[in-house]
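**Student:** What follows is a structure written as structure tokens; I'll ask about it next.
The values are calculated or read from the model by the stated rules, or taken from the named source; none is laboratory data. Predicted, not measured: the structure shown is a model, and the values here were computed from it. Cβ coordinates were reconstructed from backbone atoms using ideal geometry, including for glycine residues, and neighbour counts include every protein chain displayed. Each accessible area value is taken on the protein alone, full model and side chains, heavy atoms only, with ligands, DNA and RNA left out. Shrake-Rupley method; radii C 1.70, N 1.55, O 1.52, S 1.80 Å.
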Amino acid sequence: MTLLIRGGRVLTGAPPVLVRADVLVESDRITAVGPALTAPVGAREIDAAGRIVLPGLGNAHTHAASHLARGRAGNWTLEDLLTHTAANYGFRSPEDEYLSAAIGAIEMLKTGCTSAYDLYMSLPAVTDETFEAVVRAYTDVGVRVVLAPAVADIVFYQTVPGLLDLLPADLRRTVEAMQPAPTKGLLDLTERAIRRWHGTAGGRIRMAVSPTIPNQATDEFLDGCVRLAREYGVGIHTHLAESKVQVIESRRRYGQTIVGRLAEHGVLGPGFVGAHGVWLTDDDMRMLADAGAAIAHNPGSNLRLGCGIAPVREMLDHGVAVGLGTDGSVCADNQNLFEALRIASVVSTIRFPHETRRWLDAATVWHLATAGSARVLGQAADLGAIAPGRKADLVLLRADSVFLRPLADPVNALVYAETGASVETVLVDGTVVVEGGRVTTLDEGRIYSGAQDAADRQRGKSAEAWALAGQLAPYVGAACRAAVATPLTINRYAAPIPPPS
């Protein structure tokens, strides 16, 4: 199908500027951008007068399963969140997982995000049926996704330094009785997912490999993940040095940083993505840059869970590719990349008092959410810009929105003022998937109603899991407070102000 978006103001170029132009789309790609383009006979036209045309944003890191648990997190650390994993993610049917994935995908589209990298997790384990439900949800909604079963072959509680010694005898027996899924079974599950789903939905659905947290992966599992990634030509995505507790545990258990251990196992490479990277050292960043690896920056959840402020300026200085993500809705509360854009910029100011040249300005974080996330998704040549040859993943905003009036610098306005509420029309692969602010691919109301029922039902079924998490949480917290008291050469909780020279 041929489509002409006529008369809009298009954000294009580097640095990006608004230009009056038409955009011609043939099938799934942009074929021309310029003034007064001629529409071929039979082409559909979209009147973009009074609209701003943007490249679709890319969510570099999220979790389909998390959206059903939105609003449940209190003042939780990352380790509190992981303590409540069974309570939040267990006791679900495949249809529940479909609804969770669908409601997150709908939110992304309605706030201008057209592509995502999703690590799907489930308790007690990801199954072929639940994974298929998530693939089906992304296919039905119309979001482009790189999807991986996020799995582990070491139980989380075994990776909290000193926890077992703090537990009373009954809780210790409970924890020690917990068994992870067999390593071979996890690798077989991942391989089946790749063989069945990679490249489906016209190429919009791609697969990846995810040892979800390196400390929860045996050496055998890491090696198996590397084998799968190389054999099938897919990426590897993991949660990398997200909290100080994880860094302390890696040094205690393996005698090296998390990045150092991954490097030893051949995990790092151009297809590697580490989510968060809050507690990376300079040496870690050099190793990532030398390997051509990337980081998915999630400033909202990093703050929400008290993990710290990621050293994104240093990553960029070292040459590490960085994309922007929201993380899951249980710990970031929404899937709105416009919010993530603003947080990413303003939180960077805290780390460099009065060193404004080191701050992440609007243009920098806009790059993270467009070209940066396209690179993280392994689709740098196709996504993240409006230009001939690129995929027709496009977003039209109402230019008369209260958030964009008056309009001075358009990128500043998009980063600091826009909320996603101005999104009117969205295209993925040249197909209109949002029109008039409503998703066109399915019944939003049915999804919202079904998700509420599923969330209420799951909460009722998980009462015992919530009770166990409540018993364990004080001990997990005590162990983590002891761990983070360990001094390191880096500090991501606050930026010390250097003494006057």
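**Student:** Run the simple label-point estimate for residue 473 and residue 256 please: 7 Å along Cα→C-beta, distance reported in nm.
**Tutor:** Each label point is offset 7 Å from its Cα along the Cβ direction, giving 3.7 nm.
**Student:** Same structure, new question: For segment 302-334 and segment 39-68, what is the separation of their Cα centres, given in Å?
**Tutor:** Using only Cα atoms, the two centres lie 24 Å from each other.
**Student:** Would you kindly give the portion of the calculated P(r) for segment 92-189 that falls above 22 Å, as a percent of all Cα pairs? Intermediate values should be presented prior to the final figure.
**Tutor:** Numbers: 2125 of 4753 pairs.
Roughly 45 percent, rounded to a whole number.
**Student:** Suppose each label sits 7 Å from its Cα in the direction of the beta carbon; what would the residue 463-residue 179 distance come out to in nanometres?
**Tutor:** Taking the simple label geometry, residue 463 and residue 179 are separated by 2.9 nm.
**Student:** Turning to a different aspect of this structure: In a shell of Cβ-Cβ distance under 12 Å around residue 421, excluding residue 421 itself, what net charge do Lys and Arg (+1) and Asp and Glu (-1) give? Display every interim value, and only then the final one.
**Tutor:** On the way: positive: 110, 398; negative: 339, 418, 424.
Once all neighbours under 12 Å are counted, the net charge is -1.
**Student:** Also, quick follow-up: What length, rounded to one decimal in nm, is gained on full extension from residue 452 through to residue 75, with 0.36 nm per residue of separation minus their alpha-carbon distance? It would help to have the intermediate numbers written out before the result.
**Tutor:** On the way: separation 377, 0.36 × 377 = 135.72 nm, distance 2.30 nm.
Taking residue 452 through residue 75 to full extension adds about 133.4 nm, to one decimal.
**Student:** In debye to the nearest 20, how big a dipole does the chain give about its Cα centre with +1 on each Lys and Arg Cβ and -1 on each Asp and Glu Cβ?
**Tutor:** 580 debye
**Student:** Okay, moving on. Decide, for segment 425-501, between rounded, prolate and oblate: order the square roots of the alpha carbon gyration tensor eigenvalues as a ≥ b ≥ c, take rounded if a/c falls under 1.5, and otherwise choose prolate if a/b is larger than b/c, else oblate.
**Tutor:** Here segment 425-501 falls in the oblate category.
**Student:** Ignoring everything except DSSP H segments at least 4 long, calculate the 222 nm mean residue ellipticity for the chain; use -39,500 (n - 2.57) per segment, divide by total residues, nearest 500. Each step should come with its number before you reach the end.
**Tutor:** Working: 20 runs with 200 residues, N = 501.
When only DSSP H runs of four or more count, the value is -11500 deg cm²/dmol.
**Student:** Please list, by residue number, every one of the chymotrypsin sites (Phe, Trp or Tyr not before Pro) in segment 425-501 that is coil in DSSP and has at most 14 other beta-carbon atoms within 10 Å.
**Tutor:** Numbers: sites: 448, 466, 475, 493; in loops: 493.
Sparse-neighbourhood loop chymotrypsin sites (Phe, Trp or Tyr not before Pro): 493.
**Student:** Can you order the peptides 260-273, 297-310 by their average number of other Cβ atoms within 10 Å per residue, highest first? Could you put the intermediate results ahead of the total?
**Tutor:** Numbers: 260-273: 19.8, 297-310: 24.2.
Ranked from most to least packed, the peptides come out as 297-310, 260-273.
**Student:** Quick check: from the Cα gyration tensor, does segment 334-411 come out rounded (a/c under 1.5), prolate or oblate?
**Tutor:** oblate
**Student:** Let me ask something else. At a Förster distance of 45 Å, what's the computed FRET efficiency of residue 219 paired with residue 416, Cβ-Cβ distance as r, to 0.05?
**Tutor:** 0.50
**Student:** Further question on the same structure: Between 0 and 90 degrees, rounded to the nearest ten: what's the tilt of helix 219-232 against the longest Cα principal axis of the chain?
**Tutor:** The angle comes out at about 20 degrees.
**Student:** Further question: Kindly express, to the nearest 10 degrees and within the range 0 to 90, the angle between helix 444-461's C-alpha long axis and the longest C-alpha principal axis of the chain.
**Tutor:** 10 degrees
**Student:** Report the relative contact order of segment 385-457, percent, no decimals, based on alpha-carbon pairs under 8 angstrom and at least 6 residues apart.
**Tutor:** On the way: 71 pairs, mean separation 19.6, N = 73.
Dividing the mean separation by the residue count of segment 385-457 yields 27 percent.
**Student:** Within the set of other residues whose C-beta is less than 9 Å from the C-beta of residue 56, count the net charge using Lys and Arg as +1 and Asp and Glu as -1.
**Tutor:** Details: positive: 144, 391; negative: 393.
Value of the local net charge: +1.
**Student:** Still on this structure, please answer the following. Which of the lysines could a cross-linker bridge to residue 110, judged by Cα under 25 Å and excluding same-chain residues fewer than eight apart?
**Tutor:** In chain and number order, the partners are 391.
**Student:** Report the one residue of 440, 39, 408 whose Cα lies farthest in the direction of the positive end of the charge dipole of the chain (charges on C-beta: Lys and Arg +1, Asp and Glu -1; origin at the Cα centre).
**Tutor:** Of 440, 39, 408, it is 408.
**Student:** A follow-up question, please. So for the pair residue 49, residue 172, with labels modelled 7 Å out along Cα→Cβ, what separation do we get in nm?
**Tutor:** 7.7 nm
**Student:** Assign one of three labels to the chain, namely rounded, prolate or oblate, based on the Cα gyration tensor with a ≥ b ≥ c the square roots of its eigenvalues; rounded applies when a/c is under 1.5, prolate when it is not and a/b is larger than b/c, and oblate otherwise.
**Tutor:** Working: a/c = 1.77, a/b = 1.42, b/c = 1.25.
Cα axes put the chain in the prolate bin.
**Student:** Now for a separate question. Once you have the Cα-Cα distance between residue 192 and residue 227, take 0.36 nm times their residue separation minus that, and quote the gain in nm to one decimal.
**Tutor:** Working: separation 35, 0.36 × 35 = 12.60 nm, distance 1.40 nm.
That pair, residue 192 and residue 227, stretches by 11.2 nm at full extension.
**Student:** Compute the separation of the alpha-carbon centres of segment 198-229 and segment 73-106 and state it in Å as a whole number.
**Tutor:** 21 Å
**Student:** Additional query: Compute the helix-to-body angle for 244-254: its Cα long axis versus the longest principal axis of the chain, expressed 0 to 90° and rounded to tens.
**Tutor:** 60 degrees
**Student:** Of 431, 85, 489, which has the most accessible area and how do the rest follow, probe 1.4 Å?
**Tutor:** On the way: 431 75, 85 25, 489 135 Å².
Ranked list, largest accessible area first: 489, 431, 85.
**Student:** What dipole magnitude, in Debye to the nearest 20, does segment 109-215 give about its Cα centre under +1 on Lys/Arg Cβ and -1 on Asp/Glu Cβ? Could the numbers behind the result be given before it?
**Tutor:** Values: 11 positive and 11 negative charges, 95 e Å.
With only Lys, Arg, Asp and Glu charged at Cβ, the dipole is about 460 debye.
**Student:** Per-residue HN-Hα couplings for segment 23-34, Karplus 6.51 cos²θ - 1.76 cosθ + 1.60 at θ = phi - 60°, whole Hz, x for Gly and Pro?
**Tutor:** 10, 9, 10, 10, 6, 9, 10, 6, 10, 7, 9, x
**Student:** Next up: Could you sort the peptides 332-338, 142-148 by per-residue average Cβ neighbour count (10 Å cutoff), highest mean leading?
**Tutor:** Working: 332-338: 24.0, 142-148: 27.0.
Ranked from most to least packed, the peptides come out as 142-148, 332-338.
**Student:** Hey, another quick one. Nearest-5 percent of antiparallel DSSP beta bridges in the chain? Walk me through the numbers on the way to the answer.
**Tutor:** Values: 30 of 65 bridges.
In the chain, approximately 45 percent of DSSP beta bridges are antiparallel ones.
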